[in-house]
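The values are calculated or read from the model by the stated rules, or taken from the named source; none is laboratory data. Keep in mind the model is a prediction, meaning the values are calculated, not measured. When we count neighbours, we look across all protein chains shown, and the Cβ atoms used for this are built from the backbone with ideal geometry, even at glycine. Side chains are part of the model used for accessible areas, which takes the heavy atoms of the whole protein and leaves out ligands, DNA and RNA. Shrake-Rupley method; radii C 1.70, N 1.55, O 1.52, S 1.80 Å.
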Amino acid sequence: MLKPWRVTIDTNPDQCNLKCTMCDTHSIHNKNFKPTRKDMDEKLLIKVLNEAISNGVKEIIPTTMGEPLLYRHFNIFTDKISKSSAKLNLTTNGTFPKNSVTYWAKKLLPILSDIKISINSVDPKINEKIMVKDDTDKKLKDIVKFAKLRDELYPKVSITLQVTFLKSNIDYLEEVIKFAISNNINRVKGHHLWITYDEIEKESLLDTQNTINKWNIFIDRVSKYKDKINLVNFEKLEPKNENNTIPDNYDCPFLANELWVSHNGDFNVCCAPSEKRKTLGDWGNIDNKTIDSLFNSTKYLDLQQNYKQQDICKVCTLRKKL
């Protein structure tokens, strides 16, 4: 019987204190944005957490669509997970809102498996053009402080710096890697761009063979760091595929492994931007379907076998080479 090993709960997707250009919801380019999705209520969160934990998931992720540390019921995550065998896997924009980084470190470290802190350059001019409203100097100091507290208190917890691969920051990513190494950070993880607005289409490194070549040269340059730090998704790209077909030697890393639950309890089987993943269909709600029944349904098993025919999968930037 299939079971997910990780569940993401999109508790507060419309709540964030930054306006990162590549965000599908909070981007500075989303000029008509109005919060319409309510934060997940307390009872629903408890129900989702109880079902995820009873299914034996190893990791639980609070929202990656907004800033999870702004969620008003975040304490329920820490309380529930601390009493289970599951771990918290956190993706945060690194502002550590409402409290100090020391406060958050002491609250989070006992239950964390990994914390991914978003940053797109150590140069404030570059980072803050991408992560609008960020304070890069504060972020760098907070990362250093968080890492020192991790080293002292919970050295097995992984710290990751998370970046988006863009034309505007590719020449600055090596400095992010060097900063990570010098501060005992475990990983630098990146993703290529999902194009959610016309204004960011020019940022993609996948658009032409020339930009793919530039990326591959960059990978050669930073390969010398791979014995010092784990560089996730820092891999060479195949020649541009004009037919938008998925090569046989690539696969989806999420199907049969992970599940997403929206703010209202709807199930999702993909982490693509919210409007794009709707094209994969309706997967039910936690009020009328269990995780077990979704993961072992004919519909889900069929998607695993035939996902490469889906238009959204053909343009996915997250697939992995086998």
Given points 7 Å out from each Cα along the Cα-Cβ axis, report the Val144 to Val232 separation in nanometres with one decimal. 2.5 nm
Whole-percent carbon and sulfur share, accessible surface of the chain, 1.4 Å: 49 percent
Springs between alpha-carbon atoms under 10 Å, Gaussian network over the chain: tell me which of Tyr103, Tyr71, Tyr307 tops the mean-square fluctuations. Tyr103
Proximal charge balance of Glu152 [Cβ under 14 Å; K/R count +1, D/E count -1]: +4
Can you tell me how much longer the chain between Ser293 and Lys202 gets when fully stretched, taken as 0.36 nm per residue apart minus their C-alpha distance, in nm with one decimal? 28.6 nm
Give a residue-ordered list of calculated ³J(HN,Hα) values for the range 284-301 (Karplus: 6.51 cos²θ - 1.76 cosθ + 1.60, θ = phi - 60°; whole Hz; x for Gly, Pro). x, 10, 4, 6, 10, 8, 8, 4, 4, 5, 5, 5, 10, 6, 4, 4, 6, 5
Hey, what do the phi angles of the range 213-221 turn into as Karplus ³J(HN,Hα) couplings, whole Hz, using 6.51/-1.76/1.60 and θ = phi - 60°, x for Gly and Pro? 5, 4, 4, 5, 5, 4, 4, 4, 5
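Please label the shape of the range 1-159 as rounded, prolate or oblate, based on the square roots a ≥ b ≥ c of the eigenvalues of the alpha-carbon gyration tensor (a/c under 1.5 means rounded; beyond that, a/b larger than b/c means prolate, else oblate).
oblate
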Just to confirm, what accessible area per residue do you get for the chain at 1.4 Å probe, in whole Å²? 47 Å²
With Cα springs under 10 Å, the Gaussian network model of the chain assigns the largest mean-square fluctuation among Lys299, Lys145, Lys87 to Lys299
Using modelled amide H (1.01 Å from N, peptide plane; none on Pro or chain starts), what sits under 5 Å from the amide H of Asn17, excluding residues fewer than 5 places away? Glu67
GNM result for the chain, Cα springs below 10 Å: residue of Leu173, Leu259, Leu153 fluctuating most strongly: Leu153
Yeah, the range 185-297 with a ≥ b ≥ c from its alpha-carbon gyration tensor (a/c under 1.5 is rounded, else prolate when a/b outruns b/c, oblate otherwise) is prolate
How large is ³J(HN,Hα) for each residue in the range 145-158, as worked out from phi by the Karplus curve 6.51 cos²θ - 1.76 cosθ + 1.60 (θ = phi - 60°), to whole Hz, x for Gly and Pro? 5, 4, 5, 5, 5, 4, 4, 6, 9, 9, x, 7, 6, 8
Additional length obtainable on full extension of the chain from Lys133 to Ser158, 0.36 nm per residue less Cα span: 6.3 nm
Taking amide hydrogens as modeled 1.01 Å from N in the peptide plane, which residues meet the under 5 Å criterion relative to Thr8, leaving out close sequence neighbours? Ile61, Leu259, Trp260, Val261
For Asn285, other-chain or 5+-apart residues with amide H closer than 5 Å (H placed, Pro excluded) are Phe267
Where the only charges are on Cβ atoms (+1 Lys, Arg; -1 Asp, Glu), what is the dipole of the chain about its Cα centre, to the nearest 20 debye? 780 debye
According to a simple spin-label model (label point 7 Å from Cα along Cα-to-Cβ), what is the distance in nm between Lys3 and Asp171? 5.1 nm
Looking at [x] 50, 49, 42; [y] 61, 46, 38; [z] 52, 44, 41, which value of Cα extents along the principal axes in Å comes from a calculation on the structure shown? [x]
Considering only C-alpha atoms, what is the centroid distance from the range 192-252 to the range 74-121, in Å? 29 Å
